[in-house]
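Here's the structure, in structure tokens; my notes come after.
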């Protein structure tokens with residue numbers, strides 16, 4: 001599970017690379033909106049996560065309002081990976 005968090009954090013950090021947020025500043029409890037993620041960067045993050053983990057978010061999950069924190073995003077990825085394993 002830590003590996004999933006690390007990969008999601010890496011994607012978030014890469015997306016925010018050009019912002020004022022330093023890499024070490026991002027914590028799991030940080031609100032996405034407070035670390036500079038807007039709707040466009042959110043979609044970019046979601047697409048990169050889908051590619052990295054070979055998963056697909058439901059269309060209704062592609063809404064930044066659903067994910068308040070970085071941890072919420074990580075937990076969704078974990079759930080989708082578990083569903084993929086079960087449905088195989």
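The values are calculated or read from the model by the stated rules, or taken from the named source; none is laboratory data. The structure presented is a predicted model; accordingly, all values stated were derived computationally and were not measured. Glycine gets a Cβ as well: all are built from the backbone with ideal geometry, and neighbour counts include every protein chain shown.
Points to keep in mind about this one:
- Number of positions in region 10-29 that are in a loop (DSSP other than H, G, I, E, B) and at pLDDT 90 or above: 1
- Residue check for residue 73: part of a helix (DSSP H, G or I), surrounded by 13 or more Cβ atoms within 10 Å (Cβ to Cβ), free of Cβ contacts under 8 Å to residues at least 40 places away in the same chain and touching a helix residue (DSSP H, G or I) at 6+ places or on another chain (Cβ under 9 Å): no
- Residues in region 37-61 that are in a loop (DSSP other than H, G, I, E, B) and either surrounded by 14 or more Cβ atoms within 10 Å (Cβ to Cβ) or in contact (Cβ under 8 Å) with a residue 60 or more places away in the chain (or both): 37, 55, 57.
- Annotation note: Cβ proximity below 6 Å between a residue of region 4-31 that is on the phi < 0 side of the Ramachandran plot and surrounded by fewer than 17 Cβ atoms within 10 Å (Cβ to Cβ) and a residue that is at pLDDT 85 or above and assigned to a loop (DSSP other than H, G, I, E, B) (sequence gap 6+ or interchain) occurs for 19/36; 31/68.
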